[in-house]
Structure formats: structure tokens, C-alpha cells
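**Q** Sharing a structure with you now.
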Amino acid sequence: MGSDMADTGVREQRQMGAVGCGARGTGCFLRIAGFFAAMGGAGHLRAPSVYDYSSPGNAIWTGVLMIAGGMAAVVAGSRLARHGRRHTARVIEDPKALPDRKFTLFLRPFDVDQPMSEVVPAARVSPRQRVTHTTGRTYEEDLARLLRRRFGRVVAVGKPGERLPLPGASRFYLPLAEWQAPVSDLIGRARIVTLVIGASEGTLWELTECVRLLRPERLLLLVFSDDPRFEYERFRYAVPAAFEKRSLELAAEGLEPVFAPEFPPFPPMHNPDSLVRVSGLQGLIHFDTAWRPTVVRCDHSAYWSLTLQGRQFKVYRRRVLPVLKRLARETAEPREERAGRISPLV
């Protein structure tokens, strides 16, 4: 925001609420106007003789231009609204003030920020409809909404050097040289930790810390990649060496070693010949009480539906939702602890 963040390795935040509200409003207007323009252009193409033109060819060209202009307006509006949400996104000044077990800690390699900040296209088969019916939300915003409903506020470490926080999880910023201790503290205090898999040194350290500090039901790994099998295999083969290195560091400090879970191969697609490819969340990994991982692939080729939206709903209901319900049930606060914090009426 307005405070100097040089000591955190992040440039001063340039958030301006008025700019953000204006951009969001203008973006909403462009999306609506673009949608109606594209629909009007489609009408010109379907029935050019209805319109009073000197020749049907003029109506067709007008329809094409209206569709192109409408699609461009929708795309521009979605991007402008997303930029506006960056100006109005909440930044956490003091992560230590977050209440214990009341938030979800979202950890990820910083290189996934770009694909996760893309606007989610509509679940349509037609390329025109996928553009003109965009939700306006980013992949990270969709994920944050999904987690917030069951596990509380979603918070994440902001990427060093970004001038504006991305919409989705609430950001906080840490010193470049001293980020591990605060992250370790938040891992221990979060209700659940969600970690996007990756083979970077920082991500693997975060995984070792999660296994060291958490009960298995409080960790959920996410696969978010356009090539999930390749990314997962890179992660899978990097894990043993990372845990061995971390165990040596812990032994030097007089602490117990941490042992790596044995990750199974990534499940193949139910129908490898299917042309259905959906971006976004590709898999979930959860653990039993002995840290044995279960990999759940979000495989849209495993379900049939008349629409792509129907496939997405079935994947959510049959693959994603059962995992989230299980974690919510196992991490729910005991009743006696909730009651103990309620002051009796006098």
C-alpha cells in the first residue's frame, strides 16, 4: 500500500482504490457491451436479409466486425477488471496477527503466478462463446473461493518485486533473506496448508516443513500445470533428495529427521485419445495418517456430458469435493474448544 517495503525486497505498493474501482466498473461495462455486440453480430450472420442493407454481403461483413469488436471488448474488459482487482486486493500488514486455525496458507512456486492469474474462460465448446462468456475471475480467485468456503481466509506470500498484489489469496510480504522462519510459523498455525507442487528449492523446503510440523490431514498438494504428468514426475523425483538434505540440516540442529512420503506415479488419463483438455487444477494429493499420499487426477475424459460445463461439474463433484469435505471434517475444531472460547452470559 503506501508503506515503504524496501526492507522486504518488494517495491512500494502502488495500490489506488479509486483507480481500482474505476477499472472494475469500466471492465464490467465493456464485458456487457461486448457480449451484446457479439450477439448482434451473430444475428447479422444468421439472417442478413432481415437488415436493411444494399446487399447481403454488407450485413455479413457488419456481423463479422461486430463479433470481432465484441470479443475484443470482452477480453479487454476482463483484463481491465482483473487489473482493478489488483488495486483493491487486501494486503496483510502483519501475518502474525492472523488467528490460529482460522486461515488457509496457500504456498506455490512463484512461476505459477502468471498462469494462475489468467482469466478463466467459460465452459463452452465454441471458441466464440469461450471468449464472450468469460467469468472474469482468475484461476487463483476460483481456487481461493473454493478453499475459503470450508477452511477460512486464504493467505499467501507475495512475490518479491511485484508492484501490485494479484487477486485471489490475500498477500503479505516477507524479507528476502528471512522468509523461512515466518513461513514455518504460519504453516504450524494454519488450519490447512495448500501447496502447488514444483521442483524449486523453496517449494521443496516448504514441503519438508509441512511434513515436519503438520498432521497429514492438514496438508493438501495441488497439481496446476498444462503438462501435469511431466511437472509431477519432476516433483516426485526431486522429493527424496530434498528430504535427505533437510534431515541433515535438522540433525545438525539436534532435531528429529523428516522422512519423505513415497509418491506414486501420476494416474493416466481415462481416455488418452480424448480431445477434451481443460486448464486449471489438474490434480489433488492428500495423505492418510501414515503420510501415504493419494493422487486424485482431475480427469475430464473420465466423464461424459453434453457440455464441457457438465464435465467440469462432474469432476468437481466426484473428484474435488470429496477430498475437500474429508479435510474439512478432519480439521474441524472440536466442540469443546469452540465452547471454551465463548464467554458465558452473566
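The values are calculated or read from the model by the stated rules, or taken from the named source; none is laboratory data. Values in this document were obtained by computation on a predicted structure and should not be read as measured data. Using ideal geometry, Cβ is built from the backbone for each residue, glycine included, and neighbour counts are taken over all protein chains shown. Keep in mind that these areas ignore ligands, DNA and RNA; they rest on the heavy atoms of the full protein, side chains included. Shrake-Rupley method; radii C 1.70, N 1.55, O 1.52, S 1.80 Å.
**Q** Give me the one-decimal nm value for the distance between modelled label points at residue 326 and residue 237, 7 Å along each residue's Cα-to-Cβ direction.
**A** Placing both labels 7 Å beyond Cα along the Cβ direction yields 2.8 nm.
**Q** Could you put 329, 145 in order of accessible surface area, largest first, with the 1.4 Å probe and the full protein assembly present?
**A** 329, 145
**Q** About its Cα centre, what dipole magnitude does the chain give when the only charges are +1 on Lys and Arg Cβ and -1 on Asp and Glu Cβ, stated in debye to the nearest 20? Please report the intermediate quantities before stating the final value.
**A** Details: 50 positive and 36 negative charges, 324 e Å.
Here the size comes out at about 1560 debye.
**Q** Lysine pairs, Cα distance under 28 Å, 8 or more residues apart or cross-chain: how many in the chain? Kindly include the intermediate steps, with their values, before the conclusion.
**A** On the way: 96/159; 96/325; 102/159; 102/325; 159/245; 314/325.
Summing the qualifying lysine pairs gives 6.
**Q** Still on this model: Counting only heavy atoms of protein chains, what accessible area per residue, in Å², does the range 78-117 have with a probe of 1.4 Å?
**A** Values: 1970 Å² over 40 residues.
Value returned for the range 78-117: 49 Å² of accessible area per residue.
**Q** Here's something else I'd like to know. Hey, can you grab everything whose amide H is under 5 Å from the amide H of residue 138? Only 5+ residues off in sequence or another chain; H modelled, so Pro and N-termini drop out.
**A** Amide H neighbours of residue 138, under 5 Å, 5+ apart: 120.
**Q** Can you give me the relative contact order of the chain as a percent, contacts being Cα pairs under 8 Å and 6 or more apart? Could you put the intermediate results ahead of the total?
**A** Details: 575 pairs, mean separation 50.7, N = 346.
Over the chain, the number comes to 15 percent.
**Q** Let me ask another. Specify whether the C-alpha gyration tensor of the range 143-231 places it in the rounded, prolate or oblate class, a ≥ b ≥ c being the square roots of the eigenvalues: rounded for a/c under 1.5, otherwise prolate if a/b is larger than b/c and oblate if not. Each step should come with its number before you reach the end.
**A** Numbers: a/c = 1.09, a/b = 1.06, b/c = 1.03.
Rounded shape, in that the Cα axes give a/c under 1.5.
**Q** Between residue 39 and residue 215, 0.36 nm times their residue separation minus their Cα-Cα distance comes to what?
**A** On the way: separation 176, 0.36 × 176 = 63.36 nm, distance 5.24 nm.
The residue 39-residue 215 span can extend by a further 58.1 nm.
**Q** Continuing with the same structure: Given springs between every Cα pair under 10 Å in a Gaussian network model of the chain, which of 97, 302, 23 has the largest fluctuation?
**A** Checking each option, the largest mean-square fluctuation is seen for 97.
**Q** Sticking with this one: If r is the Cβ-Cβ distance from residue 110 to residue 226 and R0 is 22 Å, what FRET efficiency results, to the nearest 0.05? Numbers along the way, then the final one.
**A** Details: r = 17 Å, r/R0 = 0.78.
The pair residue 110/residue 226 has a calculated efficiency of 0.80.
**Q** To the nearest 0.05, what FRET efficiency results for residue 47 and residue 313 with a Förster distance of 51 Å applied to their C-beta separation?
**A** Numbers: r = 34 Å, r/R0 = 0.66.
Result of the calculation: an efficiency of 0.90.
**Q** If you take log10 I(q)/I(0) by the Debye sum over Cα atoms at q = 0.07, 0.09, 0.11, 0.12 Å⁻¹ from the coordinates, which of (1) -0.25, -0.43, -0.65, -0.79; (2) -0.38, -0.60, -0.85, -0.97; (3) -0.31, -0.51, -0.74, -0.85 do you get?
**A** (2)
**Q** Additional query: Sort 306, 324 by accessible area with a 1.4 Å probe, largest first. Present the calculation step by step, with values, prior to reporting the outcome.
**A** Details: 306 150, 324 5 Å².
From most exposed to least exposed: 306, 324.
**Q** Local charge sum around residue 110 (other residues, Cβ-Cβ under 14 Å, Lys/Arg +1, Asp/Glu -1)? All intermediate terms of the calculation are to be shown ahead of the outcome.
**A** On the way: positive: 108, 159, 171; negative: 111, 113, 140, 162, 201, 206.
Neighbour charge sum, excluding residue 110 itself: -3.
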